[in-house]
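First the structure, in the form of structure tokens, and then the observations on it.
Just so it is clear, none of the values below were taken in a lab; they were calculated from the coordinates. If you're wondering where the values come from, they're calculated on a predicted model, not measured in any experiment. Here the Cβ is made from the backbone with ideal geometry for all residues, glycine too, and neighbour counts use every protein chain on show.
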């Protein structure tokens, strides 16, 4: 029976779907321990060979993610240099000492430190750098397995939850801002209040889950040994804080001038790198080994992943996936009240949980771009754009494979000899995810419908 499609269209649709499913399989199962870049790269090559995407699509993919890729490298490099200078260890020790042996204070202070690092340095950096420090701390405090879970979930889920307020807090935010041509300031105005409300709610929810596991008191004697190594010099600390302030001012300046955000963070990373080199030569005479170690620790495969998954997802246009989400978005605009925000947020949440938030971000953006051609007003545009952000930032918490940051969090703990069973994760992650998405959608609806906030996107810059 004919489906009414031309034969070559049938072939491309089947091939695109098969390649996408195969790519997801490689990303999830990681046969032969291949990394994400190689997994998605194989999918991209197959897409080009099968003709589901063109070389022009590949070039477009590279151009679309270039700013996000450079910003990601800059953010991770910036964070690693701070870590090598002892900045994060200094911050962790300050938090532990401020809690003064109170387990509940330590729980909330650790969560807030994680959130702050995620906001300023992106969720991936927060996961990669703070999780090992948290593991080291709970080892020194001689905590049991249940007590460990409380602090580890605080480090993992809160880091991913706090990735919404700034464009640079999550690479998917950078891709969205670059793709739809809105600014760093636009994003912060809309998502700042949403993120603060969600972080507060998440802290309460996680506390309710783990309140019986959080120790009432802990001994501070063991913490003194953490202070023995890599103490940051006061002058270096001032340079670190000054550079951090300068980078955030830079974000605003490049946003006003409609320049890529990667300019600000890469400039800051280079400045801090010079500080590290000078400090290393003054203290030990050599910085070569440290630089080699930093280069190895940057997740280069994630950069390949960004471009490759964009290529693979482009092929899904042949099976109507983009049209499917476009219909969902258009129908959601007809719903009353905050349901017009919650509906697309939940649709994206489901997609991100099933296929990972990177491909879902791209599908959402391609669908939104098509929807914008229907002449929507600025309020509806804001609702769709930031519903996609909410769903792709918070939705992946539902299932651990939905977010790269959560995958890295679980892998980091596994390397440290700690593991979280899927059942235990789902008990927490699924509940936290749905509540977070709902709360965020309500706040966004209030901003748009009650406060009258709107987003003006230069439609002439978009390709339909």
Set the Förster radius R0 to 35 Å, insert the Cβ-Cβ distance between residue 216 and residue 256 as r into 1/(1 + (r/R0)^6), and round the FRET efficiency to 0.05. 0.10
Once both label points are put 7 Å beyond Cα along the C-beta direction, the residue 35-residue 278 separation in nm becomes 3.2
As an exercise, use a Förster radius of 51 Å and the Cβ-Cβ distance of residue 249 and residue 427 to find the FRET efficiency, rounded to the nearest 0.05. 0.75
Using only alpha carbon pairs under 8 Å that are at least six residues apart, calculate the relative contact order of the stretch 1-160 and give it in whole percent. 17
Expressed in nanometres to one decimal, the distance between label points 7 Å along Cα→Cβ at residue 112 and residue 11 is 6.2
Sorted peptide list for 178-191, 43-56, 74-87, 418-431, criterion being average Cβ within 10 angstrom, highest first: 74-87, 178-191, 43-56, 418-431
Contact order normalised by length for the stretch 238-386, with contacts defined as Cα pairs under 8 Å and 6 or more residues apart; what percent is it? 17
Please work out whether the stretch 72-190 counts as rounded, prolate or oblate from its C-alpha gyration tensor, where a ≥ b ≥ c are the square roots of the eigenvalues and a/c under 1.5 means rounded, while otherwise a/b larger than b/c means prolate and anything else oblate? prolate
Tilt, helix 339-355 to longest principal axis of the chain (alpha-carbon atoms), in degrees rounded to tens, equals 80
Crossing angle, helix 234-256 versus the chain [Cα axis fit, 0-90 degrees, rounded to tens]: 20
Cα centroid of the stretch 269-307 to Cα centroid of the stretch 436-456, whole Å: 40
Value of [θ]222 nm, deg cm²/dmol, for the chain, DSSP H segments ≥ 4, -39500 (n - 2.57) each, nearest 500: -25000 deg cm²/dmol
Relative contact order, percent, of the stretch 306-464 when contacts are C-alpha pairs under 8 Å separated by at least 6 residues? 28
Taking the highest mean first, how do the peptides 195-202, 135-142 order by number of other beta carbon atoms within 10 angstrom per residue? 195-202, 135-142
Among 118-125, 255-262, what's the highest-first ranking by average C-beta atoms within 10 angstrom per residue? 118-125, 255-262
For the residue pair residue 374 and residue 97, what label-to-label distance in nm results when each label sits 7 Å from Cα along the Cα-to-beta-carbon direction? 5.8
